[in-house]
Amino acid sequence: MAKTQKNKATSYHLGQLKAKLAKLRRELITGPSGGGGGGAGLGFDVARTGVASVGFVGFPSVGKSTLMSKLTGTHSEVSEIDFTTLTTVPGTVKVHGAPIQILDLPGIIEGANDGRGRGRQVIAVARTCNLIFIVLDVLKPLGDKKIIETELEGFGIRLNKRAPAITVRRKEKGGVAITNTVPLTNIDQDEIKAILSEYRISNADVAIREPGATADDLVDVIEGNRVYIPALYVLNKVNLQAAFSYPKSNQPQIDAISIEELDLLYKIPMSVPISSKEWMNVDELIEKMWQTLDLVRVYTKPRGLPPDYDQPVVLRRGKCSIEDFCNAIHKEIAKQMKYAIVWGASAKHSRGQKVGLEHILDDEDVVHISKK
């Protein structure tokens, strides 16, 4: 495929090949019949707690277990030997009053999505997380970053992306109808038809509203089993003290980097340089984690009493209506509610606004529920 020049004559053939590749990758993960092949369902058994889960993914001996142990107080075996962690170790860290589950996953190796090591089990758990920390050794971040991204992509995980604005609606007859509201710069109609043909879709309405949509985007939509997860790149083993003294020192430590190198690390999108061993810059990592999870804290206010700021009800952005708030406390509350009064960013008035179940809450709103 890499050697084939893309033009009008070859686009149909290339589209077919991309679809075949995607189907073969799926069979590697799930088996030819779609189940029981050692695939996405075969993760480690982990009891889920907290309002969100963060999975640590990385090569062996990059400091995942040290970071996990210090963050959560949960013991995760630490050693200089590769593959010290052999199963998922869960722990919890409280951030802004919200309990967040941390999952220390075993180190993965190149070829993990094809089953090398315990890669499939590791990545299967990563698929279920709300955020992935990709922990990298600061002395070789870019090469390791590329390998890990490839392994996760091969297992249907799309990092720091959103689902493409493409719809494929199958129908009984009428052939293939393609509409687009944006120019098709990276895919043409022949390629679209070839991909549909490979999936034996002969009657469908295809609507493309994604600027720069590619054949891979269309394949992802048809496959339907992709997950879109935010990721932070944790550049570990940075000796920040040595970094600031490095220009003056003739004997820098082995994990020391210069100020110039530190500036370059910050240019990697969604990255945070830290030292888990020296516990440096971890506050920035925790704050970045909170921002990326995009959680909404809502405080309760009983009648005649001040708001309870110690135990917020934590909701996910996009599922933070008054009804979601009620259900998070108890499923019967929404049925018994007469109205709610809201104070905060989502309210129109500073003195409070009377609202119904469909009202969307914002971070640090205060809510009083009045029953029927």
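Readers should treat all values here as calculations from the given coordinates under stated rules, not as data from a laboratory. The model shown is predicted, which means the values in this text are computed figures rather than measured ones. Quick reminder, even Gly has a Cβ in these numbers, built from the backbone with ideal geometry, and neighbours come from all protein chains shown.
Numbers for the structure displayed
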quantity: Of all DSSP beta bridges in region 297-371, antiparallel share, percent nearest 5; calculated: 80 percent
quantity: FRET efficiency, LYS372 to ARG162 (Cβ-Cβ, R0 35 Å, nearest 0.05); calculated: 0.30
quantity: Contour minus Cα-Cα distance for ILE360 and GLU153 (0.36 nm per residue); calculated: 71.2 nm
quantity: Charge tally in the Cβ shell below 10 Å around ASN225, where Lys, Arg are +1 and Asp, Glu are -1, ASN225 excluded; calculated: +1
quantity: Inter-label distance for LEU21 and ARG303, nm, one decimal - labels placed 7 Å from Cα along Cα-to-Cβ; calculated: 6.4 nm
quantity: Cβ crowding within 10 Å averaged over residues, with 263-270, 223-230, 206-213, 361-368 ranked highest first; calculated: 361-368, 206-213, 223-230, 263-270
quantity: R0 of 35 Å, Cβ-Cβ distance ASP263-GLU287: FRET efficiency to nearest 0.05; calculated: 0.95
quantity: MET280-LYS146 pseudo-label distance in nm [points 7 Å out on the Cα-to-Cβ vector]; calculated: 2.8 nm
quantity: Charge context of LYS335, other residues only, Cβ under 13 angstrom, K/R +1, D/E -1; calculated: +2
quantity: Above-threshold pairs, the threshold being 24 Å between Cα atoms, out of LYS8/LYS193; LYS18/LYS288; LYS301/LYS338; LYS319/LYS354; LYS171/LYS319; calculated: LYS18/LYS288; LYS171/LYS319
quantity: Charge dipole magnitude, Cβ of K and R +1, D and E -1 - region 297-371, Cα centre, debye nearest 20; calculated: 280 debye
quantity: Paramagnetic reach from LYS6 (point 7 Å along Cα→Cβ, amide N under 15 Å) across region 205-223; calculated: 211-220
quantity: For peptides 100-106, 331-337, 169-175, 151-157, sequence by mean Cβ density within 10 Å, most packed first; calculated: 100-106, 151-157, 331-337, 169-175
quantity: Shape category assigned to region 304-372 from the gyration tensor of Cα positions, a/c cut at 1.5; calculated: rounded
quantity: Theoretical FRET efficiency, 1/(1+(r/R0)^6), r = Cβ-Cβ of ASP294 and LYS331, R0 30 Å, to 0.05; calculated: 0.75
quantity: Peptides 346-356, 187-197, 291-301 ordered by average Cβ neighbours within 10 Å, highest first; calculated: 187-197, 291-301, 346-356
quantity: Neighbour net charge for HIS359 - beta-carbon separation under 11 angstrom, K R +1, D E -1; calculated: -3
quantity: Cross-link pairs LYS331/LYS372; LYS64/LYS331; LYS94/LYS371 - those with Cα-Cα distance over 26 Å; calculated: LYS64/LYS331; LYS94/LYS371
quantity: Global geometry of region 258-372, whether rounded, prolate or oblate, following the gyration tensor of its Cα atoms and the 1.5 cut on a/c; calculated: prolate
